[in-house]
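Q: To start, I am sharing the structure in question, which I have written as structure tokens.
No lab work stands behind these numbers, since they all come straight from the coordinates. Note that this is a predicted model, so its numbers are computed, not measured. Cβ placement follows ideal geometry from the backbone for every residue including glycine, while neighbour counts extend to all protein chains displayed.
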Amino acid sequence: MHLVYDLIIRDGRIIDGAGNPWYKGNVAVSRGRIEAIGKLDGAEAKMIIDARGLVVAPGFIDAHSHSDSSTLIYRQMESTVMQGITTVVAGQCGSSIAPVNPDLVEEMEKRWADWLPPEIEFKITWTTFDEYLNEGEKDGLGANIAHLVGHGAVRIASMGYEAREPTQSELEHMRELVREAMEAGAYGLSSGLIYPPGIFAETNELIELAKVAAKYGGVYDSHIRDEGLNLLRSVEEAITIGEKAGLPVQISHHKASNKEVWGKSADTLAMIDEARNRGVDVTVDQYPYRAGATSLVTLLPPWAHDGGREKLLERLNDPELREKIKSDIEEGIPGWENFAGDLGWEKIYVTSVKTDENKPVEGKNLAEINEMRGDPDVFTSLFNLLLEEDGAAGMVIFSMDEGDIRRIMSSPYHMVGTDAGSTAPTGFMRRGKPHPRHYGTYPKILGRYVREEGVLSIEQAVRKMTSMPAQRFGILDRGVLRPGMWADITIFNPDTVIDRATYQDPHQFPEGIEYVIVNGQITVDSGKYTQALAGRILRKRRQKKS
């Protein structure tokens, strides 16, 4: 019988994702999977892609994504697939959208709506993790999504935003919620220990919940407690959680985020090396930029977040408490990552607001905003801006050194992640001035750090973007080019690939990503998005240990 494949990618430079040297060959795809790789002389296909001069690689896997904040209302995931990403690992930093306490649905809808366009109505119709994944499966997606269950979501569902230890019954309820999520197909447990309510959790609480994820072969993925002055202690805490709970540790967007600790990545990598030598499986992910990004309310001290957003806003309206917040930022609190006090107002830029009146502050740092507003001091500008925006404003923080970025990137324990959600340069998803990592993470590494600077070989970079995150999270049928694997494939021009997004003009697609194939369907064709929705919700195979 004469075989006709659905697709053949001809004469490309194949980089298989496993770290092997490139070789010339053809890739055949049928029924969504890779059928054959090699010369394929005489083979025919319904569609041919001429990949001469191009690299054919596995689809990139984003080890740290926040696309779950937008995909239920924007399934195209355009900024994701246009940089070659075919699978994302979402539910990061403790902030999954499930589980949800039925009594807190309205509050959670408002919380997640903070990160969506104001004209979009966001409705939560689920409470369990399984129900949430079912909702995601109802329609297609631009890319595949593997979900983590967030410690913050679990804590809110059990005890709200209270700044205290859980009772034994609350802790058992949290264990049950993690258990349900893992049985539904979550790939592990995430934490965000600079955000409420994760900031209120002690190490032992995290160990107990991580033990549940460990029984199902999951990972513990953490935005650690402090990436600045307390960096080493925070890395040690993450390692301790993994060691005592008996599961792999993934340190999110690893960095040395303060001039006082620039160069300390050498120490953190040595700590990871030592932990691995004694049998603790620790790896990291990273985005290749000197600035981070998060919510503007993160500038406020931990106690200000006790009880949730409404309580925080009430405190900002209290003159006496405003003075206490000001004092804590100026003087610091032991163990708290104090961005404004440690880095300075000139390093903090507002990226997004909801009100039209405050749109002029987007792209300006807080010192500039204070001058624009004419307030008595920058604290007044910050507090009033947060009140006017109902707490829903984003920021970019310049805090890192290129030496640490290169050192971490060169580490054998490093893989790539965007720390970004999906967005688009047009339509209702174009909002504010988001961090350029939303559009440029993978092309920047391939263009700047591989081609221009030689920090990594192209094979090393592709491995850190594909098989390494697939192995870390247990996504076993993607991440390498092999017959039988799902046909997630990215084809790029190694001579032209580069990011174009900037901090002041971020809504720009990269160059050089020529084709992206998701589950066998062409999603980017000659550099243009096809509107295909071939992505799926991925569920981790159950492998509960006794």
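Q: Could you give the semi-axes, largest first, of the ellipsoid that matches region 368-457, computed as the square roots of 5 times the alpha carbon gyration tensor eigenvalues and rounded to whole Å?
A: They are 34, 18, 11 Å, listed from largest to smallest.
Q: Straight-line reach from LYS444: which aspartates and glutamates have a Cα under 12 Å away, not including same-chain ones fewer than 8 places off?
A: The reachable aspartates and glutamates, counting only those whose Cα sits under 12 Å from LYS444, are GLU452, GLU453, ASP499, GLU511.
Q: Sticking with this one: Percent antiparallel among DSSP beta bridges with both residues in the chain, to the nearest 5?
A: Antiparallel bridges: around 55 percent, rounded to the nearest 5.
Q: Here's a follow-up. For the peptides 81-91, 531-541, 120-130, what is the packing order when you average, over each peptide's residues, the other Cβ atoms within 10 Å and list the highest mean first?
A: The packing order, highest mean first, is 81-91, 531-541, 120-130.
Q: Taking the highest mean first, how do the peptides 485-496, 501-512, 428-439 order by number of other beta carbon atoms within 10 angstrom per residue?
A: Put in order of decreasing packing, that is 485-496, 428-439, 501-512.
Q: Under 26 Å Cα to Cα from LYS326, which lysines show up? Leave out anything in the same chain fewer than 8 places away.
A: LYS259, LYS311, LYS347, LYS354, LYS359, LYS364
Q: Taking amide H positions as placed 1.01 Å from N in the peptide plane, with prolines and chain starts having none, which residues 5 or more places from ALA293, or on another chain, fall under 5 Å of its amide H?
A: ILE397
Q: Under 5 Å between amide hydrogens, which residues at least 5 positions from ILE49 or on another chain qualify, with H placed 1.01 Å from N in the peptide plane?
A: Here the answer is ILE8, ILE9, ARG10, since their amide H atoms fall under 5 Å of that of ILE49.
Q: Whole-Hz Karplus ³J(HN,Hα) for region 350-366, in order, using 6.51 cos²θ - 1.76 cosθ + 1.60 and θ = phi - 60°, x for Gly and Pro?
A: 7, 9, 7, 9, 9, 7, 5, 4, 9, 3, x, 7, 4, x, 10, 7, 5
Q: What's the center-to-center distance, using Cα atoms, between region 270-304 and region 487-502 in Å?
A: Taking the Cα centre of region 487-502 as reference, the centre of region 270-304 is 27 Å away.
Q: Show the residues, 5+ positions off or on another chain, whose built amide H is closer than 5 Å to the amide H of VAL88.
A: ASP62, ASN144, ILE145, ALA146
Q: Whole Å is fine, so just give me how far the alpha carbon centre of region 1-78 lies from that of region 379-451.
A: 28
Q: Using only Cα atoms, locate the centre of region 222-256 and the centre of region 316-366, then give the distance between them in Å, rounded to an integer.
A: 25
Q: Could you grab the Rg to Rh ratio for region 295-398? Cα atoms only, Kirkwood for Rh.
A: 0.92
Q: So, by mean Cβ neighbours within 10 angstrom, what's the order for 55-64, 363-372 with the highest one leading?
A: Ranking, from highest mean packing down: 55-64, 363-372.
Q: So, one more: What does the charge add up to near GLY527, with Lys and Arg as +1, Asp and Glu as -1, over the other residues with Cβ less than 11 Å from its Cβ?
A: Residues close to GLY527 contribute a combined charge of -2.
Q: With bins 5 Å wide starting at 0, give me the P(r) of region 1-158 over every alpha carbon pair, in whole percents.
A: 2, 8, 14, 16, 15, 11, 9, 8, 8, 6, 3, 1, 0
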